[in-house]
Amino acid sequence: MLVNRFPKMAALQKYRALRLGYPEDLAEAIGIAEALKYAIFKRLAHSERRYREEEEKRKKKEIQSLDWERFKIFKLASYNGWPYVAGKVETPEEYRKNVFWRFGEEGGKKIEEWAEKIIQKVPEDYLKNEQKFFREVWVPNRDEPIEV
């Protein structure tokens with residue numbers, strides 16, 4: 001079975017966050033949140049402004065405000081210190097579900113090895129810039145086949 005783009009993006013973003021100094025559990029949450037955000041971007045025609053407007057509309061009534069500074073590099077909202085996307089907080093468990101439970105332990109390791117190998121070669125300024133990361137890291141690698 002070939003791995004689709006969603007878990008690839010999640011793993012790349014996890015290793016991006018790790019290189020930027022985030023702890024592993026938060027890096028996994030950022031990874032899955034970024035993959036979900038990009039799926040939303042695709043639907044909203046890649047508009048950050050429209051994405052932020054949609055996030056603010058989706059937030060639950062008990063949430064007074066989202067923190068857009070904590071994960072500023074990733075252009076992600078934060079709620080209680082965790083990434084917040086599509087009306088919910090993203091956690092390491094969601095990452096593991098999409099990368100490991102779906103593809104098994106061996107498949108998840110292959111996906112992560114693929115992502116880690118790519119991220120090791122990425123210049124730091126690309127890691128800190130969403131557009132450069134997308135254009136110079138994601139686009140050239142997203143269709144590379146991973147067989148699990």
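The values are calculated or read from the model by the stated rules, or taken from the named source; none is laboratory data. None of these values were measured; they are calculated from a predicted model. For neighbour counting, all protein chains shown are included, and Cβ atoms are generated from backbone atoms with ideal geometry for every residue, glycine included. Areas reflect the complete protein model, heavy atoms only, side chains present, ligands, DNA and RNA absent. Shrake-Rupley method; radii C 1.70, N 1.55, O 1.52, S 1.80 Å.
Write down the accessible area per residue of the chain in Å², having rolled a 1.4 Å probe over the full set of protein chains. Write down the numbers at each step before the final one.
Values: 7870 Å² over 148 residues.
It amounts to 53 Å² per residue over the chain.
Could you pull out every residue, at least 5 positions away or on a different chain, whose amide H is within less than 5 Å of the one on TRP68? Hs are placed 1.01 Å off N in the peptide plane, and Pro or chain starts have none.
Distant-sequence amide H within range of TRP68: SER78.
Would you mind checking the pairs LYS14/LYS110; LYS57/LYS128; LYS8/LYS110; LYS72/LYS117; LYS88/LYS128 and listing those with alpha carbons more than 21 angstrom apart?
On the way: LYS14/LYS110 14 Å; LYS57/LYS128 27 Å; LYS8/LYS110 10 Å; LYS72/LYS117 25 Å; LYS88/LYS128 25 Å.
The pairs that break the limit, which is 21 Å between Cα atoms, are LYS57/LYS128; LYS72/LYS117; LYS88/LYS128.
Need the full-extension length gain, GLN131 to LEU20, defined as separation in residues times 0.36 nm minus the C-alpha distance. One decimal, nm.
Working: separation 111, 0.36 × 111 = 39.96 nm, distance 1.61 nm.
Contour length minus Cα-Cα distance gives 38.3 nm.
Express the relative contact order of the chain as a whole percentage, based on alpha carbon pairs under 8 Å and six or more residues apart in sequence.
Reported relative contact order: 31 percent.
So what's the net charge close to ASN129: Lys and Arg +1, Asp and Glu -1, counting the other residues with Cβ under 12 Å from its Cβ?
+2
Residue by residue, what Karplus-based ³J(HN,Hα) values in Hz, rounded to whole numbers, does the stretch 77-90 have, using 6.51, -1.76 and 1.60 with θ = phi - 60° and x for Gly and Pro?
7, 10, 9, 6, x, 10, x, 10, 9, 6, x, 8, 7, 9
Between ASP67 and LYS121, what is 0.36 nm times their sequence separation minus the Cα-Cα distance? Round to one decimal in nm.
Taking 0.36 nm per residue and subtracting the Cα distance, the gain is 16.4 nm.
Taking only DSSP H segments of four or more residues, each worth -39500 (n - 2.57), what value at 222 nm results for the chain once the sum is divided by all its residues, to the nearest 500 deg cm²/dmol?
Numbers: 6 runs with 72 residues, N = 148.
That calculation yields -15000 deg cm²/dmol at 222 nm.
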